[in-house]
Structures are given as C-alpha cells and as structure tokens.
1. In deg cm²/dmol and to the nearest 500, what is the mean residue ellipticity at 222 nm of the chain if only DSSP H runs of at least 4 residues count, each as -39500 (n - 2.57), divided by the residue total?
2. Mind listing the phi-derived Karplus ³J(HN,Hα) values for segment 295-308, rounded to whole Hz, using 6.51, -1.76 and 1.60 with θ = phi - 60°, and x for any glycine or proline?
3. Would you mind checking which residues have amide H under 5 Å from Ile284's amide H? H placed 1.01 Å from N; only 5 or more apart, or other chain.
4. Give me the distance in nm between label points sitting 7 Å out from Cα along the Cα-to-Cβ direction at Asp205 and Asn62, one decimal.
5. Mean separation of Cα pairs under 8 Å and 6+ residues apart, divided by the residue count of the chain: what relative contact order is that in percent?
6. Rank Phe141, Pro302, Gln8 by how far each Cα sits towards the positive end of the charge dipole of the chain (+1 on Lys, Arg Cβ; -1 on Asp, Glu Cβ) and give me just the farthest.
7. Could you report the chain's accessible area per residue, 1.4 Å probe, as an integer in Å²?
8. Place a +1 charge on the Cβ of each Lys and Arg in segment 109-353 and a -1 charge on the Cβ of each Asp and Glu, then give the dipole magnitude about the Cα centre in debye, rounded to the nearest 20.
Amino acid sequence: MTDPDLLQLRSDSEAAIGRADPATLESLRIGLLGKAGQITSLLKSLGGMEPEARKARGAEVNELKAAVTVALEARKAILDEAALSLRLQAEKIDISAPARPEVTGTIHPISRTIEEITAIFTAMGFSIKDGPDIEDDWYNFSALNIPAHHPARAMMDTFYLQADGGERPPVLRTHTSPVQIRTLLQEPPPIRIIVPGRTFRADHDATHSPMFHQTEGLVIGKDISLGHLKGCLIDFLRAFFDMPQLPVRFRASYFPFTEPSMEVDIGWNRKTGEIGKGSDWLEILGSGMVHPNVLANCGIDPREYQGFAFGVGIERITMLKHGIADLRLFYESDVRWLRHYGFSPLAPATLHEGI
Ligand code: DAH
C-alpha cells in the first residue's frame with residue numbers, strides 16, 4: 001500500500017477497532033464495510049476508472065479491506081472470549097452449598113398403623129380389601145345377623161342418610177364388617193383378607209370420634225378353627241406392639257355375627273399405662289368364629305366352610321402404642337403435633353427390624 005490516505009485510514013481504523021467495545025465495534029464495521037461504508041465506497045469508485053489505474057488502485061483498496069476485516073475479527077474474538085468468561089463466572093454453581101431439606105411432611109400415625117397392620121398381615125398371606133363408606137342397612141346390619149332391636153341400629157347411634165324409599169336405607173358404615181359380606185358374595189373360599197378403612201358413629205369425646213378407623217379381618221376355609229384365630233391374633237398383637245412375650249387373653253363375649261365370640265385383651269399396668277407389664281387386662285379387639293347365618297346369607301354352605309373374623313379399632317391401638325391421650329388430636333391437623341407424632345416417609349413399615 002502506497003497511498004498515504006489509505007495508509008492513514010488503515011492505521012486509524014486499526015487503532016479504533018483495537019479499543020472498541022462490542023457496540024462500537026459494530027458501528028465501526030458498518031462505517032467501514034457496510035453498504036455505505038468508507039471502504040465500500042472506495043471499491044465502488046473503482047468502476048469509473050481506466051483499466052490500468054483500476055488494477056493498481058483495486059489491489060490497494062482490497063489490501064486495506066483485508067487488513068480491516070482481520071482487525072475486526074480479531075477484536076470480536078477477544079470481546080466474545082471476555083463475555084463468555086464473565087458469564088461462566090456469573091453462572092457458576094456452588095456445589096458446596098447445603099442441599100435444601102427435601103422431606104418436610106410426616107406420615108400420620110393412623111396411616112402408619114394401617115401400614116404396620118398391612119405389613120404384618122400380608123406376611124401371613126392376607127390380602128387387602130376395601131369397601132364403600134356409604135353402605136346400606138342390609139350390608140351393614142341385616143346380612144351380619146344383627147337383629148332389629150340391636151342398639152347399633154338406633155337412629156341416635158348411626159348416621160342414616162336420606163332414604164329413597166327403598167328396602168335398604170343408606171347408612172355411613174358403623175364398622176368395616178360389611179366388607180365381610182361383600183367379599184363372601186364376590187369370592188369363593190378360601191378367603192384371607194384384612195380391611196382397613198373409615199367408619200362412622202354418632203359419638204364424640206376424648207376417646208370417640210364420629211369418624212374413626214377400623215381393620216376387619218376374615219379367614220374362611222374348610223378346616224379353619226378357633227386355634228387358627230388365636231394363633232393369628234396373638235402373632236399380630238405381639239408383632240404390632242413389638243413384644244414377643246406380650247400376654248394375650250381371650251374372653252367369651254357376644255357379637256351377632258360370630259359364634260362363639262371373644263373379646264381379646266392384652267396385659268398392661270392400669271396405673272402406669274405400660275403395656276405388657278403388670279397384672280391388669282385391657283380390651284383391644286373383638287373376634288369370633290363366623291356365624292353360620294352370615295355364611296348362609298352369602299350363599300356359602302356353613303357345613304362345608306367355616307372361619308373366623310375380627311375387628312380392631314385403629315385409633316385405639318395407635319393411642320396405646322404411642323401414648324396418645326386424646327383421640328381428637330388425630331384430626332386437628334396441628335403441624336406441631338404431626339411433626340412430633342408423625343413418621344418419616346422414608347422409613348416404611350417392614351417386619352425386618354420389628355414394626
Ligand atoms: N364390628 C365390630 C365392632 O365394630 C368389631 C368386630 C367384632 C368385628 C368381632 C368382627 C368380629 O369381625 O368378629 O364393634
């Protein structure tokens with residue numbers, strides 16, 4: 001390059017480019033190489049020149065253009081590099097920061113007891129069943145051999161729903177026993193089920209709630225005896241309270257749907273509330289051999305099949321196991337209470353280390 005004007009333009013341009021920030025760099029590029037840029041105009045002016053002169057001048061202008069292009073690209077590379085390292089700096093993740101606590105909720109003690117009961121009985125070969133909260137009079141009472149005069153059928157004890165005039169007024173089930181009937185009607189024996197679920201009665205005080213939970217159990221087969229009932233319930237109670245020596249007593253009682261019927265008691269100390277110690281007995285659940293009328297009501301021949309059933313109050317055994325004095329707290333959703341009495345969702349109930 002010999003033309004002093006071009007040399008001047010080149011050195012001015014290179015100097016400006018070398019100092020430019022991204023926005024200035026772009027306007028420099030447009031000012032030099034854009035449609036109306038200085039170098040573009042120089043190239044355009046070649047068109048009107050004599051061929052000899054154009055050749056010499058063209059080489060000079062093109063050399064200028066090449067030099068400016070190289071300078072622009074070099075500056076752009078430097079600016080891009082700087083922008084990238086700024087971004088990397090800003091977006092850096094601090095891997096040493098403590099993790100956010102993930103588990104904030106707890107498993108409600110009622111759900112925990114249902115999980116524990118499920119773990120114990122499924123290990124004994126039972127399966128889990130459920131049934132509707134809204135039953136009708138036949139499933140809840142009649143089919144279970146509960147006579148018309150039984151107090152459980154009284155209006156003041158049971159939540160009857162608006163009847164549609166049919167033979168079977170709808171009721172909120174007062175126990176989980178109607179699922180015995182549903183299962184016997186659905187499945188041929190042998191049957192081995194438990195039924196955890198909600199139940200409803202017109203009761204309300206420190207140990208009774210209008211809505212509470214029970215677990216029903218039902219075993220039907222050809223050779224099922226009272227010995228099976230006792231073995232099964234003793235094993236269940238000892239596993240649930242985690243006491244291999246827990247004293248268990250069977251006491252004759254009466255339920256319309258079993259014959260014979262037995263109340264099951266566990267040993268405890270009435271004064272201290274300690275379970276498994278002392279010489280007092282505490283009633284814990286109802287049980288018995290399924291009444292022949294119940295089987296017959298479901299089309300099963302009681303001379304061919306027999307079995308046992310039981311019903312456990314879930315709140316009751318949960319209160320005993322964890323020393324909870326007032327049942328109403330189960331339903332108040334007080335987060336402080338739930339944190340104290342709730343269970344970790346990451347430690348499910350299993351039999352491996354004891355329930
Ligand atoms: N259904 C009874 C109740 O709610 C409990 C019960 C007792 C269930 C004896 C049974 C049983 O299956 O055999 O009080």
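The values are calculated or read from the model by the stated rules, or taken from the named source; none is laboratory data. Remember, predicted model here, so these are calculated numbers, not experimental data. Every residue, glycine as well, gets a Cβ built from its backbone with ideal geometry; the counts of neighbours run over all protein chains shown. The area values use the complete protein model at the heavy-atom level, side chains included, leaving out ligands, DNA and RNA. Shrake-Rupley method; radii C 1.70, N 1.55, O 1.52, S 1.80 Å.
1. It comes out at -12500 deg cm²/dmol, rounded to the nearest 500.
2. So the Karplus estimates, Gly and Pro as x, are 4, 4, 4, 9, x, 10, 6, x, 7, 9, 10, 8, x, 10 Hz.
3. Val264, Asp265, Ile266
4. Simple spin-label model gives 10.9 nm for this pair.
5. Details: 527 pairs, mean separation 57.6, N = 355.
Answer for the chain is 16 percent.
6. Gln8
7. 56
8. Dipole magnitude for segment 109-353 comes out near 500 debye.
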